[in-house]
Structure formats: C-alpha cells, structure tokens
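Report on the following structure.
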Amino acid sequence: MGNLSDALIEALKLLLTGDDATWTIIGISFRVSTLAILSAIPPALLTAFLLAHFRFPGRKLLISIFSALMSVPAVVVGLTLFVLLSRHGPLGDWRMLFTQTAMVMGQFLLSFPILVSMALAAFQSVDQRAWETARTLGADPMQAFFTLLHEVRFGLMTALLAGFGRIIAEVGASMMLGGNILNYTRNIPTAIALETSKGNFAQGIALGIVLVLLAFVLNAFLHALSHRNTPQEAV
Amino acid sequence: MSRFRYAFQGITHRYRTRTVISEARITVRDGQFTLLVGDNGAGKTTLLKIMAGLQRPLKAEVLIGEVQRDWRQWRKRLMEDFMYLHQQPYLFDGSVERNLRYTLRVNPQSCHTLEQAIEWADLGSIIDQPAKNLSGGEKQRVAIARAFLRDPKVILLDEPTANLDQASKRRMLELLEKLKGGGMGIVIASHDPDLFLSLQDERLQLRRGRLTNLQPREKIEGVDWINHRRRSPGG
Ligand SMILES: Nc1ncnc2c1ncn2[C@@H]1O[C@H](COP(=O)(O)OP(=O)(O)OP(=O)(O)O)[C@@H](O)[C@H]1O
Ligand SMILES: [Mg+2]
C-alpha cells in the first residue's frame with residue numbers, strides 16, 4: 001500500500017505546485033468541453049423550444065430519438081465521426097481528425113441530445129400562460145422566447161450542468177477523435193487512461209481528483225437548482 | 001381619444017368534433033363595455049383568446065376600419081391592439097416592479113410611467129414583493145396595472161373578479177371605470193354579471209355555440225340595467 005499513498009502524495013503535489021504538464025491537460029479538457037457546450041447551447045435551446053411549442057408530424061418521434069441518443073456510448077459517437085472525418089471519409093478533406101476541433105465536434109454531438117431533452121422538459125414545465133402573457137403584453141416572438149428562457153433558467157442551468165458533466169469526463173470520443181496527442185489533444189480522461197496503463201499513477205490520480213471534485217461541485221449546483229426549481233405557485 | 005371599431009364576424013371554433021363557437025359576431029368600440037356571460041365550458045375563454053390573436057379559430061373574419069379580412073391576415077394587428085388578461089394572471093418570476101418594467105420594456109412607446117402605474121393601481125405596498133407569492137387579488141391588480149402601462153385599444157378580461165373579496169371587487173370596478181373613461185374598449189367574461197351593471201353598454205350571452213345579444217328589456221332577475229346605467233354618473 002506504500003506505493004498507493006506515495007502516489008497520492010505525489011498527485012497532490014502535482015496539483016498544488018501547479019505542475020505544468022498536469023495543468024496543461026486540465027486546461028485542454030476545460031477548453032474543449034466549454035467550447036463544445038457553448039456551441040451546442042443555442043441550437044439545442046432552439047430545437048427544444050420548437051419541440052415544446054409546435055405540433056408537427058414526426059415531433060413525438062424526434063423527441064424519443066433525442067431521448068434515446070442521450071444514452072448512446074461515447075465510443076459510438078467517436079466511431080461515427082471518425083469514419084466521417086478519416087482520410088477517405090466523406091469529410092476527409094477537412095483534415096480535422098486528431099485535432100481539438102474534432103474533439104469539440106464529438107463532445108458537441110454527445111451533449112446535444114442531453115441539452116435538448118432536458119431543456120424540452122424545462123420548457124414543458126412552464127405554464128402555457130407565460131408565453132401568452134408575454135405576447136399579449138406586446139412582446140414580439142423573439143422577446144417572448146427570451147422571456148421564457150428567463151422563466152425556466154434554473155431548468156436550463158440544470159441541463160447545461162448535466163451536459164457538461166457528461167462530456168468533461170468521457171474518454172471514448174476524445175480518444176478516437178483527438179488521438180491523445182501531448183499538449184494538444186490529451187485531456188483529463190485520455191491522460192488518465194494512458195498514464196495508468198504506463199503505471200504512472202500519480203498523474204492519473206491527480207487528474208482523477210480534479211474530476212471527482214468537479215463532480216461534487218456540479219452536483220452541489222444541481223442540488224441547489226432543484227430546490228430553486230420547485231414551484232412556489234400552486235394554481 | 002381615438003375612435004375605433006373592430007367587428008368580428010363568423011367566428012367559428014371546434015375542438016375535435018365539438019363546436020364551441022358557431023358563427024359568432026361581436027363588435028368592439030372605443031369606450032364600450034361589453035359583458036360576456038355563459039355557463040362553464042360555454043367557450044368564453046376561447047372567444048376572448050381568438051379576439052386577442054392568441055388562439056387560431058377554425059374560421060373568422062374581422063373588419064377593422066373599412067377593411068374586412070380573414071382573421072389570419074389581421075392577427076398581427078389584433079395582437080397589437082388587444083390585450084387578454086387570464087382568469088389566473090401569470091406574473092413573471094421576480095418582483096412586482098420587474099413585471100411592470102417588463103411591460104414598459106416591450107412597450108417603449110407607452111405614455112405612462114412606472115410611478116404612474118404604481119399609484120394608479122395602488123401597488124406601493126407590494127412593489128418589491130416576489131410576484132409569484134402575491135395573493136389572487138394582488139395579482140389581479142398587478143395584471144391590470146400592466147394593462148394600464150401597455151395601454152391597448154381593447155382589453156379582454158377573463159373573469160377578473162372570480163377570486164376577489166368585496167373590497168377588491170369594488171377596487172377593480174373603479175380601475176375599469178377609469179380605463180373606460182379613457183376610451184379603452186373593454187370586454188369582460190364574468191359569472192358575476194350584476195357587479196358591472198353600472199358600466200355595461202352591452203351584454204352578450206354565449207350558449208351552445210351561439211352568441212346572442214341580450215336585449216335591454218330581457219332584464220336579469222328584475223334589474224333594469226339600462227335604467228341603472230343611466231342613473232350612474234359618467235357611464
Ligand atoms: N385546448 C382544448 N382542447 C380541447 N377542448 C378544449 C380546449 N380548451 C377548451 N376546450 C373545451 O372547450 C369548451 C369551452 O372552453 P372555454 O374554456 O372556452 O369555456 P369557458 O366559457 O371559458 O368556461 P369557464 O366559465 O369554465 O371558464 C369546454 O368544453 C372545454 O372543455
Ligand atoms: Mg374560461
């Protein structure tokens with residue numbers, strides 16, 4: 001067990017002394033996942049809004065597709081994009097495989113269904129009267145849309161945190177699309193997988209600690225939000 | 001004070017196979033107070049929402065000024081000129097003040113100020129309260145203050161006195177009287193018809209899909225409301 005406690009102490013040292021290699025990896029992870037979630041939010045919110053507010057053929061089917069896509073394994077998403085982006089694939093000319101952009105695309109696709117499904121639930125939870133009130137008070141459709149966003153902001157934050165939680169820790173898509181290149185596409189999960197397989201536990205544990213702490217922080221936020229979310233109004 | 005006239009004709013609406021409104025005609029003028037009566041489920045809410053442009057009817061024609069068009073072609077204009085007040089008002093998340101400011105923000109051309117609205121509807125004591133926590137009567141007052149700020153040509157009120165005590169009812173009546181005096185057209189759906197005797201110019205009944213004008217001589221329970229109105233000042 002001496003090995004393990006040594007590794008743990010070493011891991012804390014890496015984190016607390018601001019070890020360059022370790023913090024570069026952490027930085028890449030947050031950069032890629034933040035970009036992915038930020039680019040997924042606008043189209044996901046719009047999609048969720050349309051699904052919540054308009055009845056059209058195929059709507060129910062779309063909703064269940066998004067809901068099913070939430071649980072597709074990250075490797076499968078990675079594999080699909082890999083085939084598209086590889087040299088001889090349809091998007092091969094983009095020369096994007098093994099770049100951060102490819103990782104962002106993979107994580108975009110992973111978070112999108114979560115954002116849509118959870119934002120849809122948030123939009124459906126808000127009273128029909130909210131939209132009608134905004135419109136009849138003189139808001140144009142765009143203003144009314146932003147009014148709704150504000151009314152369901154806690155539900156949307158929950159969706160955002162859940163989406164971020166999924167992509168920051170996923171290893172499959174990042175590994176296949178990024179290629180685990182040091183200082184470029186090596187992020188927390190792929191670094192943990194690599195370092196551990198090489199027997200270098202200290203860095204693996206250090207990065208693991210970051211993910212666990214993040215999980216606690218995200219959960220605390222979700223918990224706080226779910227309390228704000230409970231309706232105060234009984235109509 | 002501007003003069004106006006909106007004449008709806010042939011309003012017909014069906015939910016699935018059930019016809020709730022059939023070939024209804026109703027005219028609204030400046031400063032005119034119309035009372036709409038009818039049993040539960042008669043279609044009053046449906047009719048008011050159609051007039052406000054919030055709900056698409058199966059069929060309706062509207063004459064505005066000299067131009068008669070299909071409801072769909074006038075919809076935008078109806079949303080601009082009419083305002084619908086829900087039976088249970090929906091107030092946005094945030095303080096009473098935020099709700100009033102919102103109304104001003106989406107109606108930048110409003111000729112009233114926040115301070116005027118607060119005084120007009122006597123909201124000084126609750127202006128900082130969270131709107132969601134107000135009592136039913138207080139919510140109604142905020143809702144009507146929003147109408148004051150929005151200053152539409154016509155307001156359509158859906159049972160505005162349903163949950164009010166006697167004092168609040170009188171207060172509501174005073175506010176409506178002021179709006180009418182200012183030239184606003186008012187249509188009220190109510191199960192409390194005697195309350196408005198002093199204000200009403202016309203009484204319509206919705207029954208089995210038909211909208212009929214109750215003639216002045218068809219007195220309600222012995223109250224001659226035409227004479228009642230003559231006696232009241234300013235009506
Ligand atoms: N979205 C809807 N889908 C199907 N049926 C509806 C819908 N909205 C209303 N109805 C039905 O249409 C009829 C008229 O409803 P509406 O709400 O217009 O009546 P109302 O006169 O306002 O009743 P109340 O006095 O109870 O408020 C009712 O029978 C109601 O069940
Ligand atoms: Mg009703």
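Here is a list: A:ALA121, A:ALA144. Which entry is part of a helix (DSSP H, G or I) and touching a residue at least 24 places away in the same chain (Cβ under 8 Å)?
A:ALA121
Can you tell me which residue is nearest to B:LEU78 (Cα to Cα) among those in region B:127-164 that are touching an Asp or Glu at 6+ places or on another chain (Cβ under 6 Å) and more than 10 Å from chain A (Cβ to nearest Cβ)?
Only one residue fits best here, namely B:LYS153.
Do we have A:GLY155 as within 14 Å of another protein chain (Cβ to nearest Cβ) and part of a loop (DSSP other than H, G, I, E, B) here?
No: the conditions fail for A:GLY155.
If I filter region B:33-45 for residues that are away from ligand 2 (no atom under 15 Å from the Cβ) and touching a strand residue (DSSP E or B) at 6+ places or on another chain (Cβ under 7 Å), do I get at least one hit?
Within region B:33-45, one or more residues are away from ligand 2 (no atom under 15 Å from the Cβ) and touching a strand residue (DSSP E or B) at 6+ places or on another chain (Cβ under 7 Å).
Checking B:ILE11 against (1) touching a Lys or Arg at 6+ places or on another chain (Cβ under 8 Å); (2) open to solvent by 10 Å² or more (accessible area, probe 1.4 Å), which test does it fail?
If we test B:ILE11 against (1) touching a Lys or Arg at 6+ places or on another chain (Cβ under 8 Å); (2) open to solvent by 10 Å² or more (accessible area, probe 1.4 Å), just (2) comes out false.
Check A:ALA134 against each of (1) in contact (Cβ under 8 Å) with a residue 60 or more places away in the chain; (2) more than 17 Å from the chain's Cα centre (by Cα); (3) assigned to a helix (DSSP H, G or I) and name the one condition it does not meet.
(1)
Suppose we keep only residues that are within 13 Å of ligand 1 (Cβ to nearest atom) and within 28 Å of B:CYS111 (Cβ to Cβ) within region B:1-49. Which one would you say is nearest to the other protein chains (Cβ to nearest Cβ)?
Checked region B:1-49; the qualifying residue nearest to the other protein chains (Cβ to nearest Cβ) is B:LYS49.
Out of (1) within 15 Å of ligand 1 (Cβ to nearest atom); (2) surrounded by fewer than 18 Cβ atoms within 10 Å (Cβ to Cβ), the odd one out for B:TYR84 is which?
(2)
The values are calculated or read from the model by the stated rules, or taken from the named source; none is laboratory data. Quantities reported herein were computed from a predicted structural model and do not represent experimental measurements. So basically every Cβ, Gly included, is an ideal-geometry build from the backbone, and we count neighbours across all protein chains shown. What goes into the accessible areas is simple: the full protein's heavy atoms, side chains included, and nothing from ligands, DNA or RNA. Shrake-Rupley method; radii C 1.70, N 1.55, O 1.52, S 1.80 Å.
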